[in-house]
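K.L.:
One structure, as structure tokens, below. Some questions next.
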Number of protein chains: 2
Amino acid sequence: MTGSNIRRSMPLFPIGPVMQLTELSARQIRYYEEHQLISPARSEGNRRLFSLNDIDKLLEIKDLIDQGINMAGIKQLLFVKNQEVIASDGKPQKSERELSNDEIRRHLRKEIVQAGRFNQHAASQGNITRLFH
Amino acid sequence: MTGSNIRRSMPLFPIGPVMQLTELSARQIRYYEEHQLISPARSEGNRRLFSLNDIDKLLEIKDLIDQGINMAGIKQLLFVKNQEVIASDGKPQKSERELSNDEIRRHLRKEIVQAGRFNQHAASQGNITRLFH
DNA sequence: AATGTATGTTAGGTTTTCTAACATGGTATT
DNA sequence: AATACCATGTTAGAAAACCTAACATACATT
């Protein structure tokens, strides 16, 4: 798990902004979660919290929906794509252990404090992620 | 106003995640707004919406507070720093006209759709912004 | 002792999000 | 044509998050 992956998987956004960014309805987003296309984190009070990764995925889903693909198909496609990423990554990412929100935030704080380094880039990352420079 | 500036000024985060990212209390954040150190956007229902720029600024403020500088001083420092950015930017950014949320989101959508380009970078941007890759 | 500054705390109200249920317009199937 | 299924809309009631405004407090300055 690289630093950038951690950043991209930080649960930050409540559903409102995600709706606007993706132009999906709350109903749609929840339905996709119900069918396990995404798994946003939850706040203490049970509100969904989306990461940049989640938002990227939602935009992909939207695309696939537009192409007439149904839930099952999209689920498979997202799964396959994820496999590819893991494969091309070199390391099979062991069991991709879960980081707690607190761990993620601690990591984040460290990176903020240690400011000044230049940015590094994975060549192919999707959609939303690219927006934050 | 460059594309990246637009991205960095998108009002996305409600106060909750901002509190966690900055480790500031809601009271502090609102107090800084009251003293015009930041000017987060508002949702239709009057909730504060912070941009990456706002979060960066809050982290700077936190730093300056730690150095014992008071509101007035911080305000000046932020102002001066902003002047510098504008100056080194080349263009004095006319009157930096306000973009509506909708304009920003339209722009955002365009950038998302037109995927694939490589990332570009301004060499010196602060803090949080760097986290989103 | 009195004032000022930055922040904490509380109260009451509004917005946002939650789940669950029912409704609806297409498509596919019988 | 009737039925079933899929993706989404809509509604209701409850809970969480956020809002402003006011008062409280700790510390520094006068």
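The values are calculated or read from the model by the stated rules, or taken from the named source; none is laboratory data. A quick note: this is a predicted structure, and the numbers were derived from the prediction, not measured. Here the Cβ positions follow ideal geometry from the backbone for every residue, glycine too, while neighbour counts run over all protein chains shown.
K.L.:
Determine whether B:GLU103 is part of a helix (DSSP H, G or I), modelled with pLDDT of 60 or more, away from DNA strand D (no atom under 16 Å from the Cβ) and over 15 Å from B:PHE13 (Cα atoms).
P.N.:
Here the answer is no, as B:GLU103 does not meet what is asked.
K.L.:
Kindly evaluate A:ILE69 against the criterion of being within 13 Å of DNA strand C (Cβ to nearest atom), part of a loop (DSSP other than H, G, I, E, B), hydrophobic (A, V, I, L, M, F, W, C) and within 10 Å of the chain's Cα centre (by Cα).
P.N.:
no
K.L.:
Could you check A:LEU49 against (1) more than 28 Å from B:ARG42 (Cβ to Cβ); (2) at pLDDT 95 or above; (3) under 16 Å from the mean Cα position of the chain (by Cα) and say which number it fails?
P.N.:
(1)
K.L.:
Return the pairs, sorted by first residue and then second, in which the second residue is part of a loop (DSSP other than H, G, I, E, B) and within 9 Å of DNA strand D (Cβ to nearest atom), the first residue lies in the stretch A:23-47 and is more than 11 Å from A:LEU58 (Cα to Cα) and in contact (Cβ under 8 Å) with a residue 24 or more places away in the chain, the beta carbons are less than 7 Å apart, and the residues are 6+ apart or on different chains.
P.N.:
Close Cβ pairs satisfying both conditions: A:ARG47/A:PRO14.
K.L.:
Same structure, new question: Given the conditions (1) more than 23 Å from B:PHE79 (Cα to Cα); (2) of a type in the set (Gly, Ala, Ser); (3) more than 7 Å from DNA strand C (Cβ to nearest atom), and given that B:ALA41 satisfies all but one, which numbered condition is not satisfied?
P.N.:
Failed condition: (1).
K.L.:
Going through the stretch A:72-86 one residue at a time, which ones are modelled with pLDDT of 90 or more and either more than 16 Å from DNA strand C (Cβ to nearest atom) or among the aliphatic types (A, V, I, L, M) (or both)?
P.N.:
Listed by number, the residues that qualify are A:ALA72, A:ILE74, A:LYS75, A:GLN76, A:LEU77, A:LEU78.
K.L.:
What are the residues in the stretch A:34-57 that are more than 11 Å from DNA strand D (Cβ to nearest atom), in a helix (DSSP H, G or I) and either within 10 Å of chain B (Cβ to nearest Cβ) or farther than 22 Å from B:ILE6 by Cα (or both), if any?
P.N.:
Passing the criteria: A:LEU52, A:ILE55, A:ASP56, A:LYS57.
K.L.:
Name every residue in the stretch A:1-29 that is near DNA strand C (Cβ under 10 Å from one of its atoms), part of a helix (DSSP H, G or I) and surrounded by 14 or more Cβ atoms within 10 Å (Cβ to Cβ), in order of residue number.
P.N.:
Matches in the stretch A:1-29: A:ILE15, A:GLY16, A:PRO17, A:VAL18, A:MET19, A:GLN20, A:ILE29.
K.L.:
Could you tell me whether A:LYS62 is surrounded by 14 or more Cβ atoms within 10 Å (Cβ to Cβ) and away from DNA strand C (no atom under 16 Å from the Cβ)?
P.N.:
Yes: the conditions hold for A:LYS62.
K.L.:
For the list (1) within 11 Å of chain B (Cβ to nearest Cβ); (2) in contact (Cβ under 8 Å) with a residue 24 or more places away in the chain; (3) more than 9 Å from DNA strand D (Cβ to nearest atom), I need the number of the one condition that A:PRO17 fails.
P.N.:
(2)
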